[in-house]
Structure formats: structure tokens, C-alpha cells
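Participant: A single structure is presented below for examination.
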Amino acid sequence: MSVMCPACQAIAPGLPGVAPHAGLGHQGFIHPTQKGREGCREDHFRCLECGAKWLRETDKWGTDLGFKLAP
């Protein structure tokens with residue numbers, strides 16, 4: 001098990017408006033198809049320093065729902 005870098009540890013999951021830190025590389029995005037999530041956007045990030053994988057979801061109205069760790 002690896003340890004998250006200090007920059008990833010500082011990310012508050014679920015807090016809207018948090019910008020990705022400098023070492024968080026954008027890996028692309030998807031539009032989920034699950035019922036109730038139509039029209040949402042899920043951006044995928046991976047930390048270049050510690051390898052942590054993060055998701056940031058935006059709902060169908062464009063509201064940022066914050067970061068969460070990827071499963």
C-alpha cells in the first residue's frame with residue numbers, strides 16, 4: 001500500500017470548487033449512463049507523484065460536486 005503525497009492528502013473530498021494540484025494529471029472524462037446520472041460529467045485524474053486516482057463529477061446543471069477517490 002502506498003502513501004498519498006501531501007498535496008493529495010490536502011484535497012477535501014466532496015468539497016466543490018477545489019482546483020487540482022499541480023501534480024494531478026487529467027486523464028480524460030466520461031459521461032456516466034447510470035439512471036439519475038444522465039448528463040453528468042466525470043473527470044478522471046491521477047497524481048504523478050503518488051499515483052492516487054481521483055474523480056471529479058459535475059452534475060447535469062454544471063455544478064461541481066468535488067473530488068472523490070476513484071474505486
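The values are calculated or read from the model by the stated rules, or taken from the named source; none is laboratory data. Since we're looking at a predicted model, the values are computed, not measured. So basically every Cβ, Gly included, is an ideal-geometry build from the backbone, and we count neighbours across all protein chains shown.
Participant: Being out of contact with any His (no Cβ under 9 Å at 6 or more places or on another chain) and part of a strand (DSSP E or B) is the filter here; which residues of the stretch 21-40 pass it?
Facilitator: Those that are out of contact with any His (no Cβ under 9 Å at 6 or more places or on another chain) and part of a strand (DSSP E or B): 24, 25.
Participant: How many residues does the stretch 21-48 hold that are out of contact with any Leu (no Cβ under 9 Å at 6 or more places or on another chain) and surrounded by 11 or more Cβ atoms within 10 Å (Cβ to Cβ)?
Facilitator: 10
Participant: Being at negative phi, surrounded by 15 or more Cβ atoms within 10 Å (Cβ to Cβ), more than 9 Å from the chain's Cα centre (by Cα) and assigned to a loop (DSSP other than H, G, I, E, B): is that true of residue 18 here?
Facilitator: Against the criterion (at negative phi, surrounded by 15 or more Cβ atoms within 10 Å (Cβ to Cβ), more than 9 Å from the chain's Cα centre (by Cα) and assigned to a loop (DSSP other than H, G, I, E, B)), residue 18 qualifies.
Participant: Next question. Restricting attention to the stretch 17-46, which residues are closer than 15 Å to residue 60 by Cβ and in contact with a strand residue (DSSP E or B) (Cβ under 7 Å, 6 or more places away or on another chain)?
Facilitator: 29, 30, 31, 32, 40, 41, 42, 43
Participant: Related question: Return yes when residue 12 is outside any helix (DSSP H, G or I), modelled with pLDDT under 95 and in contact with a helix residue (DSSP H, G or I) (Cβ under 8 Å, 6 or more places away or on another chain) and no when it is not.
Facilitator: Judged against the criteria, residue 12 is not a match.
Participant: Let me ask something additional. Which pairs have Cβ atoms under 8 Å, sit 6 or more apart or on different chains, and link a residue in the stretch 1-27 that is among the polar types (S, T, N, Q) to one that is part of a loop (DSSP other than H, G, I, E, B) and surrounded by fewer than 12 Cβ atoms within 10 Å (Cβ to Cβ)?
Facilitator: Filtered contacts from the stretch 1-27: 2/51.
Participant: Then there's this: Say whether the condition of being exposed (fewer than 14 other Cβ atoms within 10 Å of the Cβ) and within 18 Å of residue 58 (Cα to Cα) is met by at least one residue in the stretch 1-11.
Facilitator: No; the residues of the stretch 1-11 include none that is exposed (fewer than 14 other Cβ atoms within 10 Å of the Cβ) and within 18 Å of residue 58 (Cα to Cα).
Participant: What number of residues within the stretch 53-71 satisfy the criterion of being part of a strand (DSSP E or B) and within 8 Å of the chain's Cα centre (by Cα)?
Facilitator: Selection size over the stretch 53-71: 9.
Participant: Tell me, yes or no, whether the stretch 41-52 has at least one residue that is more than 14 Å from residue 67 (Cβ to Cβ), in a strand (DSSP E or B) and not hydroxyl-bearing (Ser, Thr, Tyr).
Facilitator: No; the residues of the stretch 41-52 include none that is more than 14 Å from residue 67 (Cβ to Cβ), in a strand (DSSP E or B) and not hydroxyl-bearing (Ser, Thr, Tyr).
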